[in-house]
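Before any comments, here is the structure.
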Amino acid sequence: MPPYALRQPVPRQTKTAGSFVVILAFFAIILIFFVVQIVQTFETIHEVEVFKAKGTKIDGLATNLHTVDYNRRGGRDTSFYVDYSYQPTAPKIAGSRSVTYRRTAQIADRDYRKLHVNQTISVIYDPNLPSESRLAFEQSWITLDDPENMPGKSSYLVFGFPAACIVVMLFWFVIRHLKERKLLTWGEVAAATIIDKQESHGRWGPSVDVIYRFIDADGETIVGKSKGISNIKPEENIPGTFAQILDNPTAVYDRENSKNNFLYRTSTVSIVE
């Protein structure tokens with residue numbers, strides 16, 4: 001006989017489990033973090049490009065080269081810097097004089113090794129605020145290790161790939177939730193027989209992959225598979241675990257397409273009894 005909750009007439013009243021909301025919120029927060037990092041990287045790159053496009057380009061002078069060693073997780077690292085000076089064109093006003101400005105820029109390792117003291121270098125400065133400048137080849141600190149023609153590549157990979165994975169995982173998680181909710185609301189039920197199982201021990205503890213079969217309302221034998229069923233404390237009949245399913249294995253399936261089914265257990269959706 002099916003579990004009591006499944007004996008209710010359709011449409012059954014269902015509700016979302018609190019665990020679904022918690023998991024959804026957890027991954028959403030992580031996704032937002034990655035997206036914020038990607039947006040910040042893009043905005044930083046854009047700001048540099050806009051500054052270079054609107055600025056005035058002149059020749060400057062590399063006055064000093066130096067490095068700073070620092071500790072980071074996994075070992076030591078080095079930052080590379082160049083001190084430079086530049087002299088913007090003086091305004092055409094009587095008595096005005098040219099002013100020499102000095103600035104220190106953090107640069108990529110590859111650029112540092114090409115420079116030497118007293119070398120002429122291209123500088124771009126803001127004509128409205130001459131003290132603000134950048135080297136023509138200077139990238140933002142976020143993109144220092146990226147190829148010159150692909151600024152932001154490392155950040156996009158570091159943050160973009162996990163973000164894409166989370167989006168795919170959330171999509172799968174939500175689709176699975178909606179599928180189970182629809183089946184629990186409108187689905188037919190049938191006694192199932194477990195014909196094979198494979199136990200494993202993953203990050204979240206022991207689990208079981210189950211192959212089962214059932215006979216639908218048309219008399220057709222359907223074989224299904226359910227993965228990752230918790231097998232914690234198999235000697236106890238804890239809701240949602242393999243021990244609970246063994247007690248009364250029941251398949252819930254779509255009347256119009258019996259291959260759309262799942263093995264009933266406590267999940268992200270429950271039936272209001």
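Conditions tested, residue by residue: (1) in a strand (DSSP E or B); (2) outside the structural domain of VAL48 (by TED's automatic domain parsing); (3) surrounded by 12 or more Cβ atoms within 10 Å (Cβ to Cβ).
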{"position": "TYR156", "(1), (2), (3)": "no, no, yes"}
{"position": "PRO206", "(1), (2), (3)": "yes, yes, yes"}
{"position": "ARG213", "(1), (2), (3)": "yes, yes, yes"}
{"position": "GLY219", "(1), (2), (3)": "no, yes, no"}
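What do you reckon, is ILE38 assigned to a helix (DSSP H, G or I), of a type in the set (Val, Ile, Thr), at pLDDT below 90 and surrounded by 11 or more Cβ atoms within 10 Å (Cβ to Cβ)?
Against the criterion (assigned to a helix (DSSP H, G or I), of a type in the set (Val, Ile, Thr), at pLDDT below 90 and surrounded by 11 or more Cβ atoms within 10 Å (Cβ to Cβ)), ILE38 does not qualify.
Any residue that is without any contact (Cβ under 8 Å) to a residue 12 or more places away in the chain and under 32 Å from the mean Cα position of the chain (by Cα) - is there at least one of those in the stretch 125-136?
The answer is no, given that none of the residues of the stretch 125-136 is without any contact (Cβ under 8 Å) to a residue 12 or more places away in the chain and under 32 Å from the mean Cα position of the chain (by Cα).
Would the stretch 71-82 turn up any residue that is acidic (Asp, Glu), surrounded by 11 or more Cβ atoms within 10 Å (Cβ to Cβ) and under 20 Å from PHE42 (Cβ atoms)?
Of the stretch 71-82, the ones acidic (Asp, Glu) are 77.
Pick out the ones that are also surrounded by 11 or more Cβ atoms within 10 Å (Cβ to Cβ) and you get 77.
Those left that are additionally under 20 Å from PHE42 (Cβ atoms): none.
The answer is no; no qualifying residue exists.
Taking the options ILE23, ILE58, name whichever one is hydrophobic (A, V, I, L, M, F, W, C) and either within 26 Å of the chain's Cα centre (by Cα) or part of a helix (DSSP H, G or I) (or both).
Numbers: ILE58 fails: either within 26 Å of the chain's Cα centre (by Cα) or part of a helix (DSSP H, G or I) (or both).
Just a single option satisfies the conditions, and that option is ILE23.
Go through the stretch 137-153 residue by residue and tally those that are in a loop (DSSP other than H, G, I, E, B), polar (S, T, N, Q) and either crowded, with 19+ Cβ neighbours inside 10 Å or touching a residue at least 12 places away in the same chain (Cβ under 8 Å) (or both).
Within the stretch 137-153, residues that are in a loop (DSSP other than H, G, I, E, B), polar (S, T, N, Q) and either crowded, with 19+ Cβ neighbours inside 10 Å or touching a residue at least 12 places away in the same chain (Cβ under 8 Å) (or both) number 2.
Restrict the check to the stretch 106-114 and report whether at least one residue is surrounded by 16 or more Cβ atoms within 10 Å (Cβ to Cβ) and among the small types (Gly, Ala, Ser).
Yes: one or more hits.
Among the residues of the stretch 6-35, which ones are polar (S, T, N, Q) and at pLDDT 95 or above? First the steps, then the outcome.
If we filter the stretch 6-35 for residues that are polar (S, T, N, Q), which is where we start, we get 8, 13-14, 16, 19.
If the condition is that a residue be polar (S, T, N, Q) and at pLDDT 95 or above, then no residue fits.
Assess whether ARG102 counts as being out of contact with any Lys or Arg (no Cβ under 6 Å at 6 or more places or on another chain), assigned to a strand (DSSP E or B) and either surrounded by 11 or more Cβ atoms within 10 Å (Cβ to Cβ) or touching a residue at least 24 places away in the same chain (Cβ under 8 Å) (or both). Please lay out each step first, then the result.
On the way: out of contact with any Lys or Arg (no Cβ under 6 Å at 6 or more places or on another chain): yes; assigned to a strand (DSSP E or B): yes; either surrounded by 11 or more Cβ atoms within 10 Å (Cβ to Cβ) or touching a residue at least 24 places away in the same chain (Cβ under 8 Å) (or both): yes.
Yes.
HIS201 fails exactly one of the following numbered conditions: (1) within 26 Å of the chain's Cα centre (by Cα); (2) without any contact (Cβ under 8 Å) to a residue 60 or more places away in the chain; (3) over 22 Å from ASN231 (Cβ atoms). What is the number of that condition?
(3)
Among (1) farther than 26 Å from PHE159 by Cα; (2) in contact with a strand residue (DSSP E or B) (Cβ under 9 Å, 6 or more places away or on another chain), which single condition is LYS114 missing?
(2)
The values are calculated or read from the model by the stated rules, or taken from the named source; none is laboratory data. Worth saying up front: this structure is predicted, and the values here are computed from it rather than measured. Every residue, glycine among them, receives a Cβ derived from its backbone with ideal geometry; neighbour counts consider all protein chains shown.
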